[in-house]
Amino acid sequence: TGEQIFTAAGCAGCHELAKAGATGTIGPSLDDLASSPDIEGNPEDYVREAILDPDKVVAQGFSAGVMPAFEGKLTDKQIQALVQYLLGD
């Protein structure tokens, strides 16, 4: 599930996400991600790109080079499950 992937990939260490009990402060909060002002266009595409190539999509107020890229580390199915989980679907 998306929740399991979020936990196993270590996302909680850097991101806040209330439904996962995550309180990280290194990266942006993922609560209410779908309504983030950083998102231009399709939220699913934005989140997928942020997971696969995080330096290409850097949230305002945060630095590039901090989040690891998950390209080749997660399958397409895992990425889709994570995207849906993060967007609240």
(request) Taking a cut-off of 18 Å between Cα atoms, list the aspartates and glutamates near K56, but don't count ones fewer than 8 places away on the same chain. (result) D38, E40, E44, D45, E71
(message) Can you give me the % of accessible surface on the chain that is carbon or sulfur? Probe 1.4 Å, all protein chains present, nothing else counted.
(response) 51
(message) Through the Karplus equation 6.51 cos²θ - 1.76 cosθ + 1.60, θ set to phi - 60°, convert the phi angles of the range 18-29 into ³J(HN,Hα) values in whole Hz; use x for Gly and Pro.
(response) 4, 5, 9, x, 8, 10, x, 10, 6, x, x, 5
(message) Per residue of the range 65-76, what does 6.51 cos²θ - 1.76 cosθ + 1.60 with θ = phi - 60° give for ³J(HN,Hα)? Whole Hz please, x for Gly and Pro, Karplus curve as stated.
(response) x, 9, 7, x, 7, 9, 4, x, 9, 10, 6, 4
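Can you work out the accessible area per residue across the chain, with the rest of the protein chains kept in place, probe 1.4 Å, in square angstrom?
That works out to 60 Å² per residue.
Determine how many Å³ per residue the convex hull of the Cα atoms of the chain encloses.
Numbers: hull volume 7.8 nm³, N = 89.
Considering the Cα atoms of the chain, their hull volume per residue is 88 Å³.
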(request) Quick one: which residues, 5 or more positions from A22 or on another chain, have an amide H under 5 Å from its amide H? H modelled 1.01 Å from N in the peptide plane, none for Pro or chain starts. (result) L17
(request) Name the long-range amide H neighbours of S29: under 5 Å, sequence gap of 5 or more, or other chain; modelled H, no Pro or chain starts. (result) E16
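The values are calculated or read from the model by the stated rules, or taken from the named source; none is laboratory data. Keep in mind that this is a model prediction, so the values were computed, not measured. Remember, those area values only see protein heavy atoms, side chains included, never the ligands or the DNA or RNA. Shrake-Rupley method; radii C 1.70, N 1.55, O 1.52, S 1.80 Å.
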